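The structure under discussion appears below in the form of structure tokens.
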Protein chains: 2
Amino acid sequence: MSTTNRICKLFGIQYPIIQAGMVWCSGWRLASAVSNAGGLGIIGAGSMHPEMLRSHIQKCRAATGRPFAVNVPLLYPEMEAIMGLLVEEGVKIVFTSAGNPNTWTKWLKDQGITVVHVVSNTKFALKAEAAGVDAIVAEGFEAGGHNGREETTTLCLIPLVRDAVQIPLIAAGGIGDGRAMLACMALGAEAVQVGTRFATAAESSAHADFKARILAAKEGDTELVMKQTVPVRLLKNPFYHQIKQAELKGATPEELQSILGRGRAKKGMLEGDLEEGELEIGQVAAMLDHIEPAAHIVADIWDGYLAAKKKLVEG
Amino acid sequence: MSTTNRICKLFGIQYPIIQAGMVWCSGWRLASAVSNAGGLGIIGAGSMHPEMLRSHIQKCRAATGRPFAVNVPLLYPEMEAIMGLLVEEGVKIVFTSAGNPNTWTKWLKDQGITVVHVVSNTKFALKAEAAGVDAIVAEGFEAGGHNGREETTTLCLIPLVRDAVQIPLIAAGGIGDGRAMLACMALGAEAVQVGTRFATAAESSAHADFKARILAAKEGDTELVMKQTVPVRLLKNPFYHQIKQAELKGATPEELQSILGRGRAKKGMLEGDLEEGELEIGQVAAMLDHIEPAAHIVADIWDGYLAAKKKLVEG
């Protein structure tokens, strides 16, 4: 596929399968495992202080000779330090999210870095294209973690963005197997970004209890909440119910922020506090039932994609 | 396609494209136009008294020699009268929704009627299969009108239901063109049910002002509200904002019901009151920009499906 697929060519990867940068899940172990398997692994900088991120980049490079990327939420407080060390460490591909693509794209491109921006609507896709990014990730409502206010699902979002921009397009949100990958390619995407399924990989740094909770999740076990502040899709645990009850009683954004406090995601996702922690995950959780190495996930999605394509053509 | 596709065989239709039964939109004119174009037209009984429904069935039969169906929300108050007249009028295909598939499926099957049930989760898909329905419509979060509480999107829902049931599966929610149809077929669906785009068809009985408002809608212009009572996806108009503000202030289900009152959907969708009316529509509204005959819509979706399939195979 790498000879014709624009995303494979852009990143120099074998399969157009990208592991999403995820707080508390995607350190160097997961990213290098995905890259070694022929996809694109991403270190999620959102849960790392700059020197922690530097260490993960160095370990990732030691663990794989293949391309990998770093995902940087642009609302991070130490952004200049982060961007400086990405250049110092020779990172070749940066995914930016949660911020204005105009702020850093030109500077990163001037350093020779490939830049991808994550959006959840057409307006920001156009803005990112105008800012000069090399590709876009369009992420739908079903995705885990922080999410767009329009609530546009991947099925509706990808054709809208495809018709709006010319640059390569990566679909995200609701993609856990090869059938969903094929569906997104049918909609006009050129690659898929997979979060939830990789969060449960053996190499994910998520706490074992959080992984087990993801695997136990059924349909309807996640919900997008805190829409008045920063929308986030959570597993329904006691912390979620606390937020939800406050919302149903008409809580203000300040009251919700006060319930949220600080460090909730770390508590839930890294430390495994399934009661008080914030457990960010996508709807794909309902499809998953076992932990496996990241390389198996890459191979299964790719093999499933080819099998679904064969069935679609012959059916 | 009709020789191998189970849905085409089941209904005796040319293309696996089904026009959703929709309150105030899908009377005999729309249903017969879709059926004459090779899809399956559906008369939406949800907004009709029994004798009105009888008249639509008779007019539909006079307007097309091809198969058509009637959609019956099972919570309708005059259900025995409705079911009786469906048999009297010789209706061959009935889509049931919003109720227990055990209540009427066996009785309808005993009358020689093909029965399809609409679900929004795997649990009810299994229940419908056990009740003996001939096929299932699985409808995702992005769909217009009333909607499942789990908020599972079509991209996530179709593979889950496909893996759970053996009977033929129709995808609904977020399908407005041939690319989305192909995506749903890739996920394991055997046909698609399209609502929003047919609501804007020339033959739809929706008010011209409502159609114009749908065509003007952009991403994020619909939202699923009233989740504490009967979840419904609405266009954001003054009535929506009244409901939304009440929800944000912690309104009880009774207070929301009191704001809703009676006849809101008729007022908005049939009478064209864009301020005070309830305007039920799906996220696909953001993709639409012109009114066209239903036959053009069927042909465009089918041609688009074939073109997208060719591109996917060759790309």
Exercise for review: Starting from the Cα-Cα distance between A:Ala208 and A:Lys227, subtract it from 0.36 nm times their residue separation and give me the gain in nm to one decimal.
Suggested key: 4.0 nm
Exercise for review: Obtain the nm distance between the two label points defined at B:Asp110 and A:Lys109 by a simple spin-label model: each point lies 7 Å from its Cα along the Cα-to-C-beta direction.
Suggested key: 7.1
Check your understanding: Hey, in the GNM for chain B with a 10 angstrom Cα cutoff, which one of B:Ile167, B:Ile281, B:Ile214 fluctuates hardest?
Key -> B:Ile167
Check your understanding: Quick one: which of B:30-37, A:158-165 comes out on top by average Cβ neighbours within 10 Å, and what's the full order, highest first?
Key -> B:30-37, A:158-165
**Study point:** Amide H contacts of B:Phe95 (H built 1.01 Å from N, under 5 Å, at least 5 apart or other chain)
**Key:** B:Val70, B:Asn71, B:Val72, B:Val116
Review point. Three principal axis extents, largest first, for the C-alpha atoms of the stretch B:1-123, in Å?
Key: 38, 35, 25
Point to revise | Shape box of chain B [Cα atoms, principal axes, largest first, Å] | key: 54, 51, 38
Revision key, fill the gap. In terms of the alpha carbon gyration tensor, root eigenvalues a ≥ b ≥ c, rounded if a/c is under 1.5 and otherwise prolate when a/b exceeds b/c or oblate, the protein assembly as shown is prolate
Point to revise | Cβ-based net charge around A:Gly173, under 10 Å, with every Lys or Arg adding one and every Asp or Glu removing one | key: -1
Practice item. For chain A, return all DSSP H helices satisfying: extent of Cα atoms along own axis at least 24 Å; mean Kyte-Doolittle hydropathy at least 0.0. Key: A:294-314
Study note, to complete from the structure: Output for the stretch A:221-315: GluC sites (Glu not before Pro) sitting in coil per DSSP, at most 16 other Cβ within 10 Å, listed by number, reads A:Glu271, A:Glu275, A:Glu276
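In the stretch B:51-105, which trypsin sites (Lys or Arg not before Pro) fall in coil by DSSP and have 16 or fewer other Cβ atoms within 10 Å?
Hits after loop and neighbour filter: B:Lys92.
Where nothing but the Cβ of Lys and Arg (+1) and of Asp and Glu (-1) is charged, how large is the charge dipole of the protein assembly as shown around its Cα centre, in debye to the nearest 20? If you can, show how the numbers build up before the last one.
Numbers: 62 positive and 68 negative charges, 208 e Å.
Using Cβ point charges on Lys, Arg, Asp and Glu, the protein assembly as shown gives about 1000 debye.
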Review point. Taking the Cβ-Cβ separation of B:Ala216 and B:Ser258 as r and a Förster radius of 25 Å, what is the calculated FRET efficiency to the nearest 0.05?
Key: 0.25
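Report the gain in length on full extension from B:Glu292 to B:Asn102: 0.36 nm times residue separation, minus Cα-Cα distance, nm rounded to one decimal.
On the way: separation 190, 0.36 × 190 = 68.40 nm, distance 3.85 nm.
Taking B:Glu292 through B:Asn102 to full extension adds about 64.5 nm, to one decimal.
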Study note, to complete from the structure: So, over other residues within a Cβ distance under 13 Å of B:Cys60, counting Lys, Arg +1 and Asp, Glu -1, the net charge is +4
Practice item. Can you spot the lysines whose alpha carbon is less than 22 Å from B:Lys227's alpha carbon? Ignore those fewer than 8 places along the same chain. Key: A:Lys218, A:Lys227, A:Lys236, A:Lys244, A:Lys249, B:Lys123, B:Lys236, B:Lys244, B:Lys249, B:Lys266, B:Lys267
Exercise for review: Set the Förster radius R0 to 30 Å, insert the Cβ-Cβ distance between B:Arg6 and A:Asp163 as r into 1/(1 + (r/R0)^6), and round the FRET efficiency to 0.05.
Suggested key: 0.40
Exercise for review: Net charge near B:Arg197: determine it from the other residues with C-beta under 12 Å of the C-beta of B:Arg197, scoring Lys and Arg +1 and Asp and Glu -1.
Suggested key: -3
**Study point:** the stretch B:256-315: trypsin sites (Lys or Arg not before Pro) in DSSP coil with no more than 10 other Cβ atoms inside 10 Å
**Key:** B:Arg262
Review point. Average partner chain C-beta neighbours within 10 Å, per residue of A:271-280?
Key: 0
**Study point:** Ascending list, in nanometres, of distances separating the A:Ala307 label from those of the other copies (7 Å, Cα toward Cβ)
**Key:** 3.3
Exercise for review: State whether the stretch A:216-284 is rounded, prolate or oblate according to the following rule on the C-alpha gyration tensor (a ≥ b ≥ c being the square roots of its eigenvalues): a/c under 1.5 gives rounded; otherwise a/b larger than b/c gives prolate, and the remaining case gives oblate.
Suggested key: oblate
Review point. For the stretch B:129-183, max minus min Cα coordinate along each principal axis, in Å, sorted largest first?
Key: 30, 26, 17
Point to revise | Net charge dipole size for the stretch A:216-284 [Lys, Arg +1 and Asp, Glu -1 on Cβ; Debye, nearest 20] | key: 100
Check your understanding: Which of the lysines could a cross-linker span from B:Lys92 if the Cα-Cα distance has to be under 17 Å and same-chain partners fewer than 8 positions apart are dropped?
Key -> B:Lys9, B:Lys59, B:Lys106, B:Lys109
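Calculate for chain A the 222 nm mean residue ellipticity that helices alone would give, adding -39,500 (n - 2.57) per DSSP H run of length 4 or more and normalising by residue count, nearest 500 deg cm²/dmol.
-12500 deg cm²/dmol
Read the figures in this text as sums done on the coordinates, not as results from a lab. On a predicted model such as this, the values are computed, not experimentally measured, just so you know. Backbone-built Cβ (ideal geometry, glycine too); neighbour counts: all protein chains shown.
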